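For reference, the structure discussed in these notes is given below.
The values are calculated or read from the model by the stated rules, or taken from the named source; none is laboratory data. This one's a predicted model, so the numbers in the text were calculated from it and none came from an experiment. So basically every Cβ, Gly included, is an ideal-geometry build from the backbone, and we count neighbours across all protein chains shown. Accessible surface is based on the protein model in full, side chains and every heavy atom, while ligands, DNA and RNA are left aside. Shrake-Rupley method; radii C 1.70, N 1.55, O 1.52, S 1.80 Å.
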Amino acid sequence: NKTEIISTSTNNEISKNDNVHFGLQDKIGRLWFGTTVSGLYCYDGNTFTHFTANDGFDETCVFSLLEDKVGNIWIGTSNGLYKYDGKTFSKVNIPHSYIASKPDAMGNIVYNPNCILSILQDRNGNLWFGSMGFGVYKYDGKEFSYFLSPKEPNYNLIQCITEDNKGILFFGTRGEGV
């Protein structure tokens, strides 16, 4: 076995600020990578494809990826949720009661209801989406439900979601534990 570095950029130079934030291998063996500056890539074993606005995906910061049970790729970005059905990207509008992002004391946006940090499909087929400071959204295939902890803000910054063998969901938060 040989280890090699494969560059995703066309000019073999990736920005120092471009982190690969998430990786996924889909059911047919392709590798998907979400980056924090240049967006979404897919590697088929021979070639990297960089998805851009020309492909219908106009996002540069990807935080989470999931392939659902029917083969759709769900993509959580800093500006919302996308679904790729193998041919086209579509933006999925998650209804929420918040209109604007919350700035911190310095005026920086740190809590964003559109930012999807984590995704899980549970054993019943429901999709769960962890947001940046606005709790968890559940999608049952027809409609979204919303769950928000009464404690703010970090309890609602959902960095990871996992399910145990009994079907109990655990939500990992930033700075507040599980």
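The set of residues in the stretch 154-178 that are at pLDDT 75 or above, touching a Gly at 6+ places or on another chain (Cβ under 7 Å) and polar (S, T, N, Q) contains only Gln159. Of everything in the stretch 121-153 that is touching a Gly at 6+ places or on another chain (Cβ under 9 Å), modelled with pLDDT under 85 and not aromatic (Phe, Trp, Tyr), the residue that is most open to solvent (accessible area, probe 1.4 Å) is Glu152.
Inside the stretch 47-81, can you point out the residues that are in contact (Cβ under 8 Å) with a residue 24 or more places away in the chain and either touching a Lys or Arg at 6+ places or on another chain (Cβ under 8 Å) or of a type in the set (Gly, Ala, Ser) (or both)? Answer for the stretch 47-81, where residues must be in contact (Cβ under 8 Å) with a residue 24 or more places away in the chain and either touching a Lys or Arg at 6+ places or on another chain (Cβ under 8 Å) or of a type in the set (Gly, Ala, Ser) (or both): Gly56, Ser64, Glu67, Gly71, Ile73, Trp74, Ile75, Gly76, Ser78, Gly80, Leu81.
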